[in-house]
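Participant: My questions will all concern the structure given below.
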Amino acid sequence: MKKFIGTFLSAVVLYGVEYEPVHSSLLLYMESKDFANSKQKLDGKVFGIGMDVHQGASEYRLVVERAKTTTKKPPLTKDLQVSKLYGRYLHSFGNTALHVNYLSVLHDNIAITDGGDAYGVGVAYDFNKKLSTDFTQFFTDYKDFDVYQSNLTLDYKMRLQNTKLKLTIENFAIKIDEQRPNNFTKNAQNSYFTTALKLHAHYALWHFGSAIFFGKRAFAIMNDGFKIQHHAMEFDRTYALGLGRSFGKTIVRMQYIYQRAKELPIQNSGVEVRNVRLLFNYKF
């Protein structure tokens, strides 16, 4: 078993450190983005603030995010500014939980997806203390096109001596429904399918995580409904790595994420996006 875990950790690179909140918490995160080989973007900053409130069998989560990206001029005439809102309500019924999600691109001063809204409805079920699953159906409504996304997640928890481990397999099925001709979707596929393998490890005060994504995706909803990729970029590679530590009621996490994509409107392949993210959670 130790050899298997070591091999898995070497082969799988992670999409952020996860943790399972049992307390209400405040969230603050900052992110730096660097674009290579892009014909539109240079670098960017992202700031987010949120709250996760647990009351009995109910959970409420709300996150507000703002981002600014320095663009290449020309072809663009101004820098990109984006604001987003994420929310989720979950209610547990024993081994079953129902949840609804809402996501909104509140403001985008360049993209045609400005003002887009997304909605999600899902059900989670715990087979036992080790095995659980979640199915969520998302619908994203943009002015010129719609996106349907189905997520199926399977989690398996186990303990290796003093280390708690969680293995996750997540599948994303995405279908794009073009309402009227537009530059964002004319070079996109009609459908995409992506699989993610994730690993989270918790030892004493430390948290480790890893993930790798297989397959292409575009206009995807990620991170349990708390990330929406609303620009016309087709991602074909995603790796990430993260480390976190608890300091009393505060959890500090550092994440590194690498993605490779194609800018669809101009068919520019080989764009590399490197993200460094710092997150703070304060439990109360």
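The values are calculated or read from the model by the stated rules, or taken from the named source; none is laboratory data. In this text the structure is predicted, and so the values were computed from the model without any measurement. For neighbour counting, all protein chains shown are included, and Cβ atoms are generated from backbone atoms with ideal geometry for every residue, glycine included. Heads up: the accessible areas ignore ligands, DNA and RNA and are worked out on the full protein's heavy atoms, side chains in. Shrake-Rupley method; radii C 1.70, N 1.55, O 1.52, S 1.80 Å.
Participant: Can you show me the helix-derived [θ] at 222 nm for the chain, built from DSSP H runs with n ≥ 4 at -39,500 (n - 2.57) apiece and divided by the number of residues, rounded to the nearest 500.
Facilitator: Counting only the DSSP helices, I get -1000 deg cm²/dmol.
Participant: Compare THR140, THR96, THR153 in a GNM of the chain, Cα atoms joined below 10 Å, and give the one with the largest fluctuation.
Facilitator: Among THR140, THR96, THR153, the largest GNM mean-square fluctuation belongs to THR96.
Participant: Enumerate by residue number the chymotrypsin sites (Phe, Trp or Tyr not before Pro) in segment 69-141 meeting two conditions: DSSP loop (anything except H, G, I, E, B), and at most 14 other Cβ atoms within 10 Å of the site's Cβ.
Facilitator: The qualifying sites are PHE127.
Participant: Next question, about the same structure. Pop out the carbon and sulfur fraction of the accessible area of the chain as a percent, whole number, probe 1.4 Å.
Facilitator: 58 percent
Participant: Going 7 Å from the Cα of MET158 along its beta-carbon direction, which residues of segment 175-217 have the amide nitrogen within less than 19 Å of the resulting point?
Facilitator: 197-204, 208-212
Participant: Using only alpha carbon positions, build the gyration tensor of segment 45-123, then give the equivalent ellipsoid semi-axes as the square roots of 5 times its eigenvalues, largest first, whole angstrom.
Facilitator: Three semi-axes, in Å: 34, 13, 7.
Participant: In whole Hz, what ³J(HN,Hα) sequence does segment 195-201 give by Karplus (6.51, -1.76, 1.60; θ = phi - 60°), x for Gly and Pro?
Facilitator: These are the phi-based 3J(HN,Hα) values: 10, 10, 10, 10, 9, 10, 10 Hz.
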